[in-house]
Each structure stands twice: as structure tokens, then as C-alpha cells.
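Notes for the one structure printed next.
All of the numbers you see were taken from the coordinates with simple rules; none came from a lab. If you're wondering where the values come from, they're calculated on a predicted model, not measured in any experiment. When we count neighbours, we look across all protein chains shown, and the Cβ atoms used for this are built from the backbone with ideal geometry, even at glycine.
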Amino acid sequence: MRNMLQVCGLTKTYNGRPAVDNVDLAIQRGETVVLMGPSGCGKSTLLRCLNRLTEPDCGEIWFEGQAVHRMAGAELLAYRRRVGFVFQHFNLIQRLSVVDNVALGLVIAGEERESALAKAEAALARVGLGPTVYRRRPVELSGGQRQRVGIARALAGEPDLMLWDEPTASLDPMLVEEVLEVMEDLARTARAGMLIVTHEMSFAVKAADRLLFMDQGKLVEEGRPEEVLASPRSAVGQRYRKLWQKRYSLAGHNQGWRRILGAGAEKGGRSPVAL
């Protein structure tokens, strides 16, 4: 199967220091890929380079056989309309209603307002938000609801690729679960390819087809989540494994680690990993 997104040698530096260092990456249509790594390792910069919100210094980005790294003007805007981006801090327009925030990108792209509003309402329904919130302003919503609006905005244009930049990082811990449930449902049902930056390891194991570890600007390890976490080869992978085991041990859930790995294995029809 041909990769929908192919990245070759992507590099971005700041003041001579590489934030993204010669990264190669491929994503197929319908595939859910989770990207993890310590803060400051280049994950968000990589995502922003992929739709050229941040311009890479060098490297190639290919999408459906088209050279994204060479695009400009209308061609680049057309590509961005095929890529949904979920921001960490929502980036909603405070003076607009919920439904107008979701519909805005479609209207700007030239869609009739009635059609754009219908698509916005359908996208909001997909993330569990009904008519009672359509006319509210973002300030009237909880953090979890605002992030779901941000997800609906990314979904409204029916993108082929979705990029998620730590969508739960700025949420109160009590609200994280409601957003993770939406993300897990989309990972199961959406046809779009997804690249998700997150620190939520349980989500990665349950929802991802592949897990990537990034460290100091480089992709240092990848594979099926339950396999990578069971026997990590990279230093950062080993730190994540120890952190997760300690978390479950302190919580008194002796079987928790096995249950989560088992859930990931069942997603792909594989046997649970024995630790």
C-alpha cells in the first residue's frame, strides 16, 4: 500500500540547534500513529512543519504523491484544507459562537454558509456536542468542551490527515478522559490518517497502530505499541516503560499493565504481551 504521507530528511533548526533532525516518517490512510517523547524534543515542531505552519530548513514532505515542500499560494492552501490540525490550546475565536468557529474554515474556503453550518453541526455531533452549545461562546464552555469544538473544527472539512498537538495537555485532569474517549472513537472509525502527539500512554496502547519515540529531534524507535513498550530498545522508551510500571505499582493495580497491553493487542488481533 502506498503511503499517504511520506517525509524524508526533514530538518528544522533554531539558533543552530536542531529541533527536528533528519526525520523520516510515513503514514498510511486510516492509520493512527502516536508520537511520544520528553518535552522539548521536537514533537510539536515536527507537526507544524508537516503542514508548513513552521517552515522546515530542508527535507521533503510528500502527500498523495504531491511535493508539499515545494507548494506555495493556492496550492499550499488547498493542501492545508486536506489536513486537520488540533491545537493544544484550542485556538478558538472568542467572539464567534461554537458552530461559527467550526464552520469558519469552510466558509473561508468558499463553501456556502448553509452548507458549512450543516457540516459544522455534523462534526459537533461526532464529538458529542449537541444543539444546546451551538450558539454559546467559547468562554461559556468547559476546557473539555472547548477542545471538542477544536476537534470538530478539524473534522468539519473531512480531512485526509489529522495532526494532533497534545490535545489533552492544557486540560484539567478531570476533563482529560472525555477528550480521550472522543479521540479513541475517531481512531476506531475515522478514515483519515492520524499523527497524534500525546503523553497519554494508555491511549497510545489502546488506539495506536504504531508508536513512535522522539528524542532530541530524532525519531529513535517505532513499532506496535504493546511490543515497543514491552521491550523498548531506546533510552527514552525504557524511561517510559519504567514510568508506566511505577505508576501502576504505586496505584496498587498489579494487573493494570497487562490489561492495557492486552487491550492494544486485541485492537490488532494479536495476543496480549506477557511481562
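For the pair S115 and I93 in one chain, pulling the backbone fully straight at 0.36 nm per residue adds 5.9 nm over the alpha carbon distance. When peptides 207-217, 135-145 are ranked by their average number of other Cβ atoms within 10 Å per residue, the highest-first order is 207-217, 135-145.
Taking the chain as the region of interest, the number of lysine pairs whose Cα atoms are within less than 25 Å, with members eight or more places apart or on different chains, is 13.
Here the label points at E181 and R135, each 7 Å from Cα along the C-beta direction, are separated by 2.7 nm in the simple model.
Label sites at H199 and E55, each approximated as a point 7 angstrom past Cα along Cα to Cβ, lie 3.3 nm apart. Remark on K218: its backbone amide H falls under 5 Å from those of D21, a criterion applied only to residues 5 or more positions apart or on other chains, H modelled at 1.01 Å from N. Counting Cα-Cα pairs of the chain in 5 Å increments starting at 0 gives whole-percent bin shares of 1, 6, 12, 16, 18, 17, 13, 10, 5, 2, 0, 0. Sequence-distant contacts, meaning Cα pairs under 8 Å at least 6 residues apart, place the relative contact order of the chain at 22 percent.
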